[in-house]
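Notes follow once the structure below has been shown.
The values are calculated or read from the model by the stated rules, or taken from the named source; none is laboratory data. Quantities reported herein were computed from a predicted structural model and do not represent experimental measurements. Using ideal geometry, Cβ is built from the backbone for each residue, glycine included, and neighbour counts are taken over all protein chains shown.
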Ligand SMILES: [Zn+2]
Ligand SMILES: [Zn+2]
């Protein structure tokens with residue numbers, strides 16, 4: 001069985017697009033329009049960049065159209081517990 005980390009660059013980009021097409025509610029501010037993938041466990045803390053289980057939608061350099069925050073940039077590599085988590089963000093996790 002192939003590991004998720006064996007995704008090719010193409011498959012990786014495709015998976016990211018599909019992920020954001022499915023869920024675009026930013027997990028940091030709770031608004032729609034997320035356009036980048038954030039990592040729930042920061043890469044600097046050993047989180048995987050290629051494991052969809054470690055992905056969460058966030059607002060990138062364009063910022064949030066609703067509140068104007070550049071959520072992913074603001075968060076940096078802080079752990080999720082260090083940033084304010086909004087109750088509306090619970091839906092992004094549909095794991096087991
Ligand atoms: Zn946001
Ligand atoms: Zn927002």
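When residue 21 is tested against (1) crowded, with 18+ Cβ neighbours inside 10 Å; (2) part of a helix (DSSP H, G or I), exactly one condition is not met: (1). Among the residues of this structure, residue 28 does not count as one that is part of a helix (DSSP H, G or I), under 12 Å from the mean Cα position of the chain (by Cα) and within 16 Å of ligand 2 (Cβ to nearest atom).
Within region 53-71, count every residue that is touching a strand residue (DSSP E or B) at 6+ places or on another chain (Cβ under 6 Å) and either more than 13 Å from residue 25 (Cβ to Cβ) or not in a helix (DSSP H, G or I) (or both). Quick ask: steps written out before the conclusion?
Taking region 53-71 first, the residues touching a strand residue (DSSP E or B) at 6+ places or on another chain (Cβ under 6 Å) are 54-56, 58, 60, 71.
Narrowing further to those that are either more than 13 Å from residue 25 (Cβ to Cβ) or not in a helix (DSSP H, G or I) (or both): 54-56, 58, 60.
Residues meeting the conditions: 5.
Taken over region 10-24, residues that are free of Cβ contacts under 8 Å to residues at least 60 places away in the same chain, touching a strand residue (DSSP E or B) at 6+ places or on another chain (Cβ under 8 Å) and away from ligand 1 (no atom under 12 Å from the Cβ) amount to 3.
Please state which one of 37, 41 is outside any loop (DSSP other than H, G, I, E, B), under 19 Å from residue 16 (Cβ atoms) and at pLDDT 90 or above.
Details: 41 fails: outside any loop (DSSP other than H, G, I, E, B).
Answer to the selection: 37.
Of the residues making up region 41-70, those that are in contact with a helix residue (DSSP H, G or I) (Cβ under 9 Å, 6 or more places away or on another chain), surrounded by 13 or more Cβ atoms within 10 Å (Cβ to Cβ) and over 18 Å from residue 15 (Cα atoms) are 41, 42, 63, 64. Each residue in region 25-40 was checked for being more than 10 Å from ligand 1 (Cβ to nearest atom) and either exposed (fewer than 15 other Cβ atoms within 10 Å of the Cβ) or in contact (Cβ under 8 Å) with a residue 24 or more places away in the chain (or both), and 1 of them qualify.
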